[in-house]
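Trainee: A single structure is presented below for examination.
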Amino acid sequence: MKPTPILKPRQSVGVQIVQNQSVLVLPALLICTVFIFIPAFLTIFGSFYAFGLTSQNWEPVGFGNYVRAWNDDVFWIALRNNIIIVLGSIVLQVGIGTVLAAVLDRGISFGQTFFRVIIFMPMVISAVAVALIWLIILDPNIGILNAIVKSVGLSPPKLGWLGDPSISIWMVLVVAAWQYTGFMMVLILAGLQAIPNHLYEAAALDGARGFRAFWSITLPSLRNVLVVAILITTIGGFKVFDLIFVLTNGGPANATQVLGTYIYLQAFTLTNMGYANAVAVVLLAIAVFLGWLQLKVSRRS
Amino acid sequence: MTTAPRFRAVQLLLYGGVGLWSAFVLMPIAWMVFAAFKTRREIFTDPLGMPQTWTFDSFERAWGVGLGQFMFNSIVVTTGAVFIIILVSGLAAYAIARSTSMWMKLLYLLIVAGFAVPNTAVIVPLYQMVTAANFSNSLFGIIWVYAAYGIPFTTILFFSFFLDFPRELEEAARLDGCRPWAVFFRVVMPLSGPAIASAAIFQAVFIWNEFLLALLLLTQPDRKTLPVGILQLQGEFTSDWPAVMAGLSIATMPIILIFLLLQRSFVRSLAGLGK
Amino acid sequence: MADLTLDAVEKYYGAYHAIKGVSLKVEPGEFIVMVGPSGCGKSTLLRAIAGLETISSGKMTIGERDMTHEPPWDRGVAMVFQNYALYPHMSVRDNMGFALKVARCPKAEIREAVENAAKTLRITEHLDKKPRALSGGQKQRVAIGRAITRAPDVFLFDEPLSNLDAALRSQMRVELGRLHKQLDATMVYVTHDQTEAMTMASRIVVLNEGKIEQVGTPLELYNHPESLFVAGFLGSPKMNFFDGKIVDVAGKALTVAVPGMPTPITLTLDDDVQAPAFDSTVRLGVRPEAVRVGGDIPASIALVESLGNQTLLYLDAGALNCVEAESSDGFITAQLPSQHRYTLGDTVQISWSPDMLYLFDTSGRRLCTPRLAVAK
Ligand SMILES: Nc1ncnc2c1ncn2[C@@H]1O[C@H](COP(=O)(O)OP(=O)(O)O)[C@@H](O)[C@H]1O
Ligand SMILES: [Mg+2]
């Protein structure tokens, strides 16, 4: 027979600051609700209406905005560009970042901090400043890229690096890689430095060194970090706005349009707020899925 | 030793590779600074060369746009938002980490869910809400918006920090006579320094550089933050490229300098996103 | 110095019953050691005394005061934790003086208390260091010093020595004993190490699965364990147990036959217990030091451990199988004084000294314990 406890059986008390601890969570919850959850809900809600920037009357259109997106070439171009940026960034940022991190970790014997600081530096500069600097570097009249290309005897693209629809998206990738590769490198470097040295020593005793060791020790131990790095890059690639807004504003002829800039264009330039919401819901769905994936992966590691 | 020359060659190759990328990273920044000192003519005639004379004329022209005001606004907004984020997330994370109730776990999951929502996806209602509440062009208003988007991640960071925080220290403090608030402020807080610094740097970098919300919510010239403000350089100085470059230099050099001084903390803080 | 009473203390973690009705009276100035296997609820009980866990039911007093619902900071207890729990951001001096500082004692008084405690523990030269600059042993002294400075009514220790190496541990055992005499304080000490219990305790409390098995002085428990559990837990190496059957009951004389033993053994029933039924199963206990070489039980030597002052033999006695043995193969452990030369595989004849035998019934309760006279 279990004796009836005098006090309600309860878990060990932690440090209880106030009687009802959930009070301490309220400010955080309140702020997030007002500025994240309500807007997110309104985005979904508003995607079923048509309304303008200042118009008071919301006209219900059902799934009309989604049908419109389905038939909208620019929407698909924007989505495709996001995917191009995601894939390109994974190859460039995670790829080069991994190589640089591996070199800094075990390849070179001094100067690691020096190189790490330099390569990471663009990460702390605002994307607007980065875009403005590159805008001028890539300028067809005064840009140094043209000057360099000409000085080695080649001819730069006639419409300019950002003006040529077939080149501009690749230039966006280069600028993004310039800014974020250092971040990826540092992320992966942290993962590399967490690999215990005795693994390498054991591998060396088995005769695996250099690239062998990289292949059989480094990469497998790095799997989780790489997955997180790829996820962060993927999320970043879908959320991208600043860089493209300043660099090309989606142009030329929508060649660099992405979901972020397209939402802005529809909402604040063309004032199709309802339609902008529908596009935003697509972005929201992608981001929530990826965010959930990221939390799941990082909780496992 | 037969491996030595080969080893040296490999080292040289590796240094070459890393050096190449470093040069690629440094060049635009260096060029920005040099271009700021050039004259308008020089930029056209000799884009790759060094400036002939080192004058600060273009810096003065750029400053006239109101960079001082932008920088001040950025400082206000960043400090305010980071302060709120740290305080609010810290309390929430501590309460959740020290609680065993299912409700608190659910609240935690809810806050964490906010981490997945990108502001790009909710700008339409956010803009309308802030405008309707007459909070556009208010630094005080945007501080709360920024705080909201920093709280989820910071709460996650602090939560795992407090979970790992040795309980015995808190228990020892209680036996030493500390009331709960005293436990928090005399033992937990002093030992959370590195975690707080890490979270603060992370959020500061992002808020300092945030563009989209600032673009939408701060349109009045004297309310703009740096990222929106420097965009004005482009319009203001059509073809006055040295002034644009000078403005960019003024805007970016402080943060680069702070980064160089605190690089270890910066790198550790931002690499924390990978955890 | 104060007394401490626990009255029918119960603790549930959800549905899990961690402490099952513990009642105990600790006299002022006693050194109580609670001992038991890990997971038996020692820490839970100690933390309940400190107020770090609530109890589900029961009552607890310190001195005359009912402390059942008092918060930890009002109980007048100090605790020394297994992993020291020193505040890393404070110097040793501030660590030791923290409780007094929180209580707003005058600075001079704190200083004096800290320095006195430091002198007692011989850590005066470390007072201005940070904890991370100290070795494990020094940290443990500081942790003890932090408790001493406050002059609490009751000292609580939760396995304070288990993070130290063997040499330091035995040194600290002696020192804690000295400290207890010097401070003349009430102490409750928790450990899973029976050596610590045997060497330091005024009284030992043996805990098993949240219940008190037995309370008594070390030798009382060693000589007259109430249960099979206590008999097996105290003493190192562990007691040998054999399953047998009662083949004769004649008044107080019980005769037990154990499969594999050539002759039945006769023991005298303890005065205060009922005789078991004829043919009932019993368990015979033989301390390793009661195993003698020379006798009528043949056994081959499976392992020899020469410790210098004693020799441990692990013996394979064929059909005579040890149950609950330390080694799973049912070997008998024999502890012989001084040094011997034995070869593995040799066969020896063994027997037990007849006045060192224990007998328990199937539920593990005591039937017979040796009639040892403890020299005063
Ligand atoms: N906070 C808790 N929640 C649930 N079960 C617990 C908790 N703390 C301890 N227990 C359980 O209570 C039992 C006793 O634990 P404890 O007192 O720490 O044992 P000991 O100190 O004797 O090793 C263990 O089985 C443990 O799993
Ligand atoms: Mg324990």
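Trainee: Check C:ARG141, C:ARG111, C:ARG47, C:ARG93 and return the single one that is modelled with pLDDT of 90 or more, within 16 Å of ligand 2 (Cβ to nearest atom), open to solvent by 10 Å² or more (accessible area, probe 1.4 Å) and among the charged types (D, E, K, R).
Mentor: Going through C:ARG141, C:ARG111, C:ARG47, C:ARG93 in turn, just one is modelled with pLDDT of 90 or more, within 16 Å of ligand 2 (Cβ to nearest atom), open to solvent by 10 Å² or more (accessible area, probe 1.4 Å) and among the charged types (D, E, K, R): C:ARG47.
Trainee: Also, I was wondering about something else. If we keep just the residues of region A:122-140 that are open to solvent by 10 Å² or more (accessible area, probe 1.4 Å) and more than 7 Å from chain B (Cβ to nearest Cβ), which is modelled with the highest pLDDT?
Mentor: Looking at the filtered set, the residue picked out is A:LEU135.
Trainee: What's the total number of residues in region C:182-211 that are among the polar types (S, T, N, Q) and part of a helix (DSSP H, G or I)?
Mentor: 4
Trainee: Sticking with this one: Select, from C:ALA257, C:ALA277, the only residue that is of a type in the set (A, V, I, L, M, F, W, C) and modelled with pLDDT under 90.
Mentor: C:ALA277
Trainee: Residue by residue through region C:182-213, note down the ones that are open to solvent by 20 Å² or more (accessible area, probe 1.4 Å) and more than 14 Å from ligand 1 (Cβ to nearest atom).
Mentor: Those that are open to solvent by 20 Å² or more (accessible area, probe 1.4 Å) and more than 14 Å from ligand 1 (Cβ to nearest atom): C:GLN182, C:LEU183, C:ASP184, C:THR195, C:MET198, C:THR199, C:MET200, C:SER202, C:ARG203.
Trainee: Just to be sure before I move on: is A:VAL227 within 11 Å of chain B (Cβ to nearest Cβ), under 30 Å from A:VAL99 (Cβ atoms) and either buried (at least 24 other Cβ atoms within 10 Å of the Cβ) or of a type in the set (Ser, Thr, Tyr) (or both) in the structure I sent?
Mentor: Spelling it out, it is not the case that A:VAL227 is within 11 Å of chain B (Cβ to nearest Cβ), under 30 Å from A:VAL99 (Cβ atoms) and either buried (at least 24 other Cβ atoms within 10 Å of the Cβ) or of a type in the set (Ser, Thr, Tyr) (or both).
Trainee: So which residues in region C:81-94 are in contact (Cβ under 8 Å) with a residue 40 or more places away in the chain and more than 9 Å from every other protein chain (Cβ to nearest Cβ)?
Mentor: Passing the criteria: only C:VAL92.
Trainee: Next question, about the same structure. Looking for something farther than 27 Å from C:ALA2 by Cα, open to solvent by 70 Å² or more (accessible area, probe 1.4 Å) and in contact (Cβ under 8 Å) with a residue 40 or more places away in the chain - is there at least one such residue anywhere in region C:124-133?
Mentor: Yes, region C:124-133 has at least one match.
Trainee: I need the full set of residues from region A:64-74 which are open to solvent by less than 80 Å² (accessible area, probe 1.4 Å) and either modelled with pLDDT of 95 or more or not in a helix (DSSP H, G or I) (or both), in order please.
Mentor: If the condition is that a residue be open to solvent by less than 80 Å² (accessible area, probe 1.4 Å) and either modelled with pLDDT of 95 or more or not in a helix (DSSP H, G or I) (or both), then A:ASP72 is the only one that fits.
Trainee: Any idea which residue in region A:1-25 is modelled with the highest pLDDT, counting only those that are outside any loop (DSSP other than H, G, I, E, B) and surrounded by 16 or more Cβ atoms within 10 Å (Cβ to Cβ)?
Mentor: A:VAL25
Trainee: Further question on the same structure: Looking only at helices (runs of 4 or more DSSP H) that fall completely inside region B:71-165, which ones have 3 or more residues that are over 16 Å from the mean Cα position of the chain (by Cα), over 30 Å from A:TRP58 (Cα atoms) and not β-branched (Val, Ile, Thr)?
Mentor: Output list reads B:102-113, B:139-164.
Trainee: Given B:VAL267, B:VAL205, B:VAL183, which one is in contact with an Asp or Glu (Cβ under 8 Å, 6 or more places away or on another chain), buried (at least 20 other Cβ atoms within 10 Å of the Cβ) and in a helix (DSSP H, G or I)?
Mentor: Going through B:VAL267, B:VAL205, B:VAL183 in turn, just one is in contact with an Asp or Glu (Cβ under 8 Å, 6 or more places away or on another chain), buried (at least 20 other Cβ atoms within 10 Å of the Cβ) and in a helix (DSSP H, G or I): B:VAL183.
Trainee: Considering only residues that are among the β-branched types (Val, Ile, Thr) and surrounded by 13 or more Cβ atoms within 10 Å (Cβ to Cβ), which ones fall in region C:258-280?
Mentor: C:VAL258, C:ILE265, C:THR266, C:THR268, C:VAL273
Trainee: Could you tell me whether any residue of region C:34-44 is charged (D, E, K, R), assigned to a loop (DSSP other than H, G, I, E, B) and open to solvent by less than 60 Å² (accessible area, probe 1.4 Å)?
Mentor: No - not one qualifying residue is present in region C:34-44.
Residue-wise test of (1) under 21 Å from the mean Cα position of the chain (by Cα); (2) closer than 29 Å to C:VAL26 by Cβ; (3) of a type in the set (Ser, Thr, Tyr).
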residue	(1), (2), (3)
C:GLN82	yes, yes, no
C:LEU127	no, no, no
C:ARG132	no, no, no
C:GLY137	no, yes, no
C:ARG146	no, yes, no
C:PRO152	no, yes, no
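Trainee: Okay, moving on. Just for region A:100-121: of the residues that are at pLDDT 90 or above and of a type in the set (Val, Ile, Thr), which one is surrounded by the fewest Cβ atoms within 10 Å (Cβ to Cβ)?
Mentor: Once the filter is applied, the top-ranked residue is A:VAL117.
Trainee: Here is a follow-up. Kindly list, by first and then second residue, each pair from a residue in region C:178-192 that is within 14 Å of chain B (Cβ to nearest Cβ) and closer than 14 Å to C:THR120 by Cα to a residue that is outside any helix (DSSP H, G or I) and away from ligand 1 (no atom under 16 Å from the Cβ), limited to pairs with Cβ atoms under 7 Å and residues at least 6 apart or on different chains.
Mentor: none
Trainee: Let me ask another. When you scan region B:128-149, do you find a residue that is at the interface with chain A (Cβ under 7 Å from one of its Cβ atoms), surrounded by fewer than 19 Cβ atoms within 10 Å (Cβ to Cβ) and closer than 25 Å to A:ALA278 by Cα, even just one?
Mentor: yes
Trainee: Just the residues that are open to solvent by less than 20 Å² (accessible area, probe 1.4 Å) and within 12 Å of ligand 1 (Cβ to nearest atom), please, taken from region C:50-80.
Mentor: Scanning region C:50-80 gives C:LEU52, C:GLU53.
Trainee: If a residue must be free of Cβ contacts under 8 Å to residues at least 60 places away in the same chain, away from ligand 2 (no atom under 16 Å from the Cβ) and either among the hydroxyl-bearing types (Ser, Thr, Tyr) or open to solvent by less than 50 Å² (accessible area, probe 1.4 Å) (or both), how many such residues does region C:149-163 contain?
Mentor: 1
The values are calculated or read from the model by the stated rules, or taken from the named source; none is laboratory data. Predicted model only: the values in this text are computed from it and were never measured. Backbone-built Cβ (ideal geometry, glycine too); neighbour counts: all protein chains shown. Accessible surface areas use protein heavy atoms only, side chains included; no ligands, DNA or RNA. Shrake-Rupley method; radii C 1.70, N 1.55, O 1.52, S 1.80 Å.
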